[in-house]
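Every read-out reported here was derived from the displayed coordinates using simple, explicitly stated rules and does not represent laboratory data. Just so you know, these numbers come straight off a predicted model, no measurement behind them. Note: ideal-geometry Cβ built from the backbone for every residue, glycine included; neighbour counts use all protein chains shown.
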Amino acid sequence: MSDQDQWRWEYDPDAHHVVSGLPEHVVLEVERLAGEMVALAEVGVDVTDIGEGPRRGVPGGLRRVPLLADGWFYALPVPRLRLIAITRVIPPFTDL
């Protein structure tokens, strides 16, 4: 299997814009969860249906994924590119 065939995740547009200034434990948890989403995609789980999307119960689109106590992040799974783009992180209230 070539690298192009494997799922991956990235910050979009980049880590500076998405997680700059956030506590390290929040960033580590986002990266852990993104890695878990990649692992699920690799075994055939439909990651376009993880978290909450623009229409409840309908896969596809930007997904809101729970993070720690009361935070979340937005992930955009793109199956055609085998990519999960992390676009925004909202940390828990205690970490604001």
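Pairwise Cα separations in the stretch 3-80 fall into 10 Å bins from 0 onward with the following percentages, short to long: 17, 51, 29, 3. Approximating the spin labels as points 7 Å out from Cα along Cα→Cβ, the residue 82-to-residue 17 distance works out to 2.5 nm. In the chain, the calculated helix contribution to ellipticity at 222 nm averages -8000 deg cm²/dmol per residue, counting -39,500 (n - 2.57) for every DSSP H run with n ≥ 4.
If you average 1/r across every pair of different Cα atoms in the stretch 1-46 and take the reciprocal, what Kirkwood value do you get, in Å? Mind showing how you got there, number by number?
Values: mean 1/r = 0.0843 Å⁻¹.
Final number for the Kirkwood radius of the stretch 1-46 is 11.9 Å.
Residues 87, 48, 94, ranked from the fewest to the most other C-beta atoms within 10 Å, line up as 94, 87, 48. Averaging the sequence gap over all C-alpha pairs within less than 8 Å and six or more residues apart, then dividing by the number of residues, gives the chain a relative contact order of 31 percent.
Compute the long axis of helix 24-42 from its Cα atoms, compare it with the longest principal axis of the Cα atoms of the chain, and write down the angle in degrees, 0 to 90, nearest 10. Orientation of helix 24-42: about 10 degrees from the principal axis. From a point 7 Å beyond the Cα of residue 5 in the direction of its Cβ, which residues of the stretch 38-52 have a backbone N at a distance under 20 Å? 38-47, by backbone N distance to the label point. For the stretch 83-88, backbone phi angles converted through the Karplus equation (6.51, -1.76, 1.60; θ = phi - 60°) give residue-by-residue couplings of 9, 10, 9, 8, 9, 7 Hz, Gly and Pro being listed as x.
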